[in-house]
1. Exactly one condition in (1) open to solvent by less than 70 Å² (accessible area, probe 1.4 Å); (2) out of contact with any helix residue (DSSP H, G or I) (no Cβ under 7 Å at 6 or more places or on another chain); (3) part of a helix (DSSP H, G or I) is false for I158; which is it?
2. Can you confirm whether segment 58-67 contains a residue that is open to solvent by 50 Å² or more (accessible area, probe 1.4 Å), modelled with pLDDT of 95 or more and closer than 25 Å to A282 by Cα?
3. Do any residues in segment 1-30 that are over 13 Å from V185 (Cα atoms) and in contact (Cβ under 8 Å) with a residue 60 or more places away in the chain have Cβ atoms under 7 Å from those of residues that are among the basic types (K, R) and open to solvent by 20 Å² or more (accessible area, probe 1.4 Å), where the two are at least six apart or on different chains, and which pairs are they?
4. With respect to K193, determine if the residue is within 27 Å of V39 (Cβ to Cβ), out of contact with any Gly (no Cβ under 8 Å at 6 or more places or on another chain) and open to solvent by 40 Å² or more (accessible area, probe 1.4 Å).
5. List the residue pairs whose Cβ atoms are under 9 Å apart, where the first residue sits in segment 261-288 and is basic (K, R), the second is at pLDDT 95 or above and crowded, with 21+ Cβ neighbours inside 10 Å, and the two are 6 or more positions apart or on different chains.
6. Scan segment 72-91 and tell me whether some residue there is of a type outside the set (G, A, S), in a helix (DSSP H, G or I) and within 12 Å of the chain's Cα centre (by Cα).
7. H138 fails exactly one of the following numbered conditions: (1) modelled with pLDDT under 95; (2) closer than 20 Å to P173 by Cβ; (3) open to solvent by 30 Å² or more (accessible area, probe 1.4 Å). What is the number of that condition?
Amino acid sequence: MARIFSGIQPSGIPTLGNYLGAIRNWVALQEGHECIWCVVDLHAITVWQEPAALARQTREMAAVLLACGIDPGRHILFAQSHVRAHAQLAWIFNCVARLGWLNRMTQFKDKAGKDREAVSTGLYVYPNLMAADILAYHATQVPVGDDQRQHLELANDIAQKFNHDYGTEFFPPIEPLILGPAARVMSLRDGSKKMSKSDSSDQSRINMNDDADTIALKIRRAKTDAEPLPDTLAALEGRPEARNLVGIYAALTSGDPALVLREYAGKGFGVFKPALTEVLIAALAPIARETERLLADPAEIDATLRRGAERAAAIADPIVAEAERLVGFLPPR
């Protein structure tokens, strides 16, 4: 059975984009795979986090994952910082990875911007920690989006160099898990930008804990145009907001935007928006209610994460101990 690893940062309540782009796929992958799901709080602190907010957001992320259907009994859900093997292996990989490899990471350039001298070194070596996250479990498959493909290639480069340098075949190759066309969810205020937790306007996104009234208000206020919906996808060219709302509807129903257009061709947004609102509320309201119920008992969320960490460490600790032996470290006891 293939072992899958993936992680998500605790940077606030996930949005509809996070759900359709990643979390919903994680839930589906639990059938027929061994899955390890991680709330990556070590990655989160590559940029400053207010400590109390980080703790709260870690619980919130865990609660949303559980509410969406992540099963901590059959699979593993834990907080990254609870398993020391991640940091131990990341340091070894810091010494294996080459400076030139990291200099080619386009995501660092995007995040650092023009003031790259002022960002943390953690942000720079982030891809090495990501490689450690995966390889500490000898995971062989990772669901990835376009923005993570380069990091996964680097993880394979690191694994290959480690194996070459130490004359072993210890770390396995990692395969990107491509799950078909991903639902790319854009801002409700600007169809040219991705829906994001970091957008200053809460009206730009659907949060996974939004109640029915909030969802209805946000969709009612969502930017659109005056034209009715066309009968073909090609005719949506140049209408990013319309394309976005049609894509959201399709992702939560048939999966095919062409079928949505066939149903609503010639109709305006006065008809389409209420229909989209109904679909969103039906899909998300149960998740929001379950999230609220789980967050009412933070001690149980913490216990779930601790149990997951114990199971994760049982897999990762022997693997990292063997990597340390291969490097030449003396055993600790």
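The values are calculated or read from the model by the stated rules, or taken from the named source; none is laboratory data. Computed from a predicted model, the values in this text were never measured in an experiment. A quick note on method: Cβ atoms are made from the backbone with ideal geometry, for glycine too, and the neighbour counts reach across all protein chains shown. With ligands, DNA and RNA removed, areas are computed over all heavy atoms of the protein, side chains included. Shrake-Rupley method; radii C 1.70, N 1.55, O 1.52, S 1.80 Å.
1. (2)
2. Just the residues of segment 58-67 that are open to solvent by 50 Å² or more (accessible area, probe 1.4 Å), to begin with: 59.
Restricting the remaining residues to those that are modelled with pLDDT of 95 or more gives 59.
Among the residues that remain, those that are also closer than 25 Å to A282 by Cα are: 59.
Among the residues of segment 58-67, at least one is open to solvent by 50 Å² or more (accessible area, probe 1.4 Å), modelled with pLDDT of 95 or more and closer than 25 Å to A282 by Cα, which makes the answer yes.
3. Within 7 Å, the pairs are S11/K197; G12/K197.
4. Details: within 27 Å of V39 (Cβ to Cβ): yes; out of contact with any Gly (no Cβ under 8 Å at 6 or more places or on another chain): yes; open to solvent by 40 Å² or more (accessible area, probe 1.4 Å): yes.
For K193, the condition - within 27 Å of V39 (Cβ to Cβ), out of contact with any Gly (no Cβ under 8 Å at 6 or more places or on another chain) and open to solvent by 40 Å² or more (accessible area, probe 1.4 Å) - is met.
5. Listed pairs, sorted by first residue: K267/L229; K273/I219; K273/A222; K273/L245.
6. Within segment 72-91, none of the residues are of a type outside the set (G, A, S), in a helix (DSSP H, G or I) and within 12 Å of the chain's Cα centre (by Cα).
7. Against the list (1) modelled with pLDDT under 95; (2) closer than 20 Å to P173 by Cβ; (3) open to solvent by 30 Å² or more (accessible area, probe 1.4 Å), H138 comes up short only on (1).
Quick grid of which residues meet (1) open to solvent by 70 Å² or more (accessible area, probe 1.4 Å); (2) of a type outside the set (D, E, K, R); (3) modelled with pLDDT under 95:
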position: L77; (1), (2), (3): no, yes, no
position: Q80; (1), (2), (3): no, yes, no
position: Q107; (1), (2), (3): no, yes, yes
position: K114; (1), (2), (3): yes, no, yes
position: L123; (1), (2), (3): no, yes, yes
